[in-house]
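Visitor: Here it is, the structure, as structure tokens.
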Amino acid sequence: MLKLSSCMGDDEQLYAWVRQQFPSNAKRLSIALIAGDASPRRYYRVKANASDSGADSGVNSGVNSGFDSTASWAAAVSWIAVLSPPSEKFAEFIHVQGLLARAGLRVPALLAADLDRGFMLLEDLGDTQLLAVLTDPTAASLYAQSLEMLVNTAGIPIEQAQLPVYDFNLLKQELDLFPEWFMAQLLNAPLLEGSREVFDTFSDYLIASATDQPQVVVHRDFHSRNLMLLENNAIATIDFQDAVIGPVTYDPVSLLKDCYVAWPRAMQLRLLEQHRAGLEACGVMSATNAEQFVRWFDLMGLQRHIKCLGIFARLSIRDGKHAYLGDLPLVLAYVGDTLSLYKDGDAAISDFAHWFDAVVMPLCEQQSWYRPAALESSMTAQ
């Protein structure tokens, strides 16, 4: 048995721990860092020689409520090791993994975990994100398949889910990322008293719409980069540790108004109507007026996209992940497009829409990262 030294770095400790999970084949494993995501988690692909795979692996699967020991693990030749800082909801990942697996969603199987040190060993789902295979001919069917997953997610009994609630405070905390990081830090334009009042009134309006909706289990980051297309054409979901009990339209708008790819409004609405009917047919929610459901969907999209403007700015400024600046124009286009649909209604929206058009967009257009983004093109891949 390998002993871990207190002087070893996190990477070295993870390597040693992984090899402990494969005692018969430890010397024949290779471990390599792979591309990560927006979080500080680090991911490594663990490979074994084909002749060594699976045999006498000694993997401890006891922590994994969704693990099928009779599945394809005997033939597996690679796995994913994760190094997760304490701030990255490690225990929550394990809890939600089991929750979604029991609901019938395809999620990465969890082979072993060390909660104290933030180590996980997961099934390797490959590298094919849904974003990479979305085309005009395939998009509708792939999105329909993904939305079926959300019907299963929404059908999880909330009293059994044991998840945090997406309440006023959390929704407002997310919205406040926009003035804090996007306006003050990225655009160097802190909100003054009048602008702050407009923003706060608008935020309260969006939160009221969110909390008025049926509340269900919400993945909270269900989009094309967090969906993996597998070899059998099944779709798996990842990055679900932030799941909450929240608005029924949150996950659908995250998918259909994806920050990384845009599709025509007509296609969004057609898929959304199919999803509404599916939720009603499965008893997830009672009969809901289609127009009301679309309005919930659009206003929920405003909350998410305004939050994402703040998050992407923070990822660039605080974390040095500047590639996210390239995603800002599409998110801004979503905000502007949705505001234009509703700005002639309530004052909370019309006042914010006027301020957004008169103040925010001119500042954005001066930035080096800005470029116009069209939403009604057949496909706008980021």
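Visitor: Where the convex hull is taken over the Cα atoms of the chain, what is its projected area averaged over directions, in nm²?
Guide: 20.1
Visitor: Can you compute 3J(HN,Hα) from phi for each residue in the range 294-303, using the Karplus curve 6.51 cos²θ - 1.76 cosθ + 1.60 with θ = phi - 60°, rounded to whole Hz and x for Gly and Pro?
Guide: 5, 4, 4, 4, 5, 5, 5, x, 4, 4
Visitor: Which of the peptides 235-241, 118-124 is most tightly packed, and how do the rest follow, going by the mean number of other Cβ atoms within 10 Å of each residue?
Guide: Answer by packing, highest mean first, reads 118-124, 235-241.
Visitor: Within a Cβ distance under 13 Å of Arg220, other residues only, what is the Lys/Arg minus Asp/Glu net charge?
Guide: Surrounding charge for Arg220 is -3.
Visitor: Continuing with the same structure: How high is the relative contact order of the range 91-137, given as a whole-number percent (alpha carbon pairs under 8 Å, six or more residues apart)?
Guide: Normalised by residue count, the contact order of the range 91-137 is 24 percent.
Visitor: Could you go through the range 348-358 in sequence order and give the Karplus-derived ³J(HN,Hα) for each residue, using 6.51 cos²θ - 1.76 cosθ + 1.60 with θ = phi - 60°, rounded to whole Hz, and x for Gly and Pro?
Guide: Once θ is set to phi - 60°, the couplings for the range 348-358 become 4, 7, 5, 5, 5, 4, 4, 5, 4, 5, 7 Hz.
Visitor: Now, a different point. Add +1 for every Lys or Arg and -1 for every Asp or Glu among the other residues with Cβ under 14 Å from the Cβ of Arg117, and state the total.
Guide: Here the count lands on -4.
Visitor: Hey, fewest Cβ within 10 Å first, where do His223, His322 land in order?
Guide: Arranged by neighbour count, lowest to highest, His223, His322 become His322, His223.
Visitor: With a 10 Å radius around each residue's Cβ, average the other Cβ atoms per peptide and rank 286-294, 136-144, 307-315, 96-104, highest first.
Guide: The most tightly packed comes first, giving 307-315, 96-104, 136-144, 286-294.
Visitor: I would also like to ask the following. Below 12 angstrom from the Cβ of Pro190, what's the summed charge of the other residues (Lys, Arg +1; Asp, Glu -1)?
Guide: -1
Visitor: Still on this structure: Taking R0 as 41 Å, what's the FRET efficiency between Glu12 and Thr128 from their Cβ-Cβ distance, rounded to 0.05?
Guide: Here the calculated transfer efficiency is 0.85.
Quick note: the coordinates plus some simple rules give every number you see, no bench work behind them. Quick caveat: nothing in here was measured; it's all calculated off a predicted structure. Cβ atoms come from the backbone with ideal geometry, glycine included; neighbour counts cover every protein chain shown.
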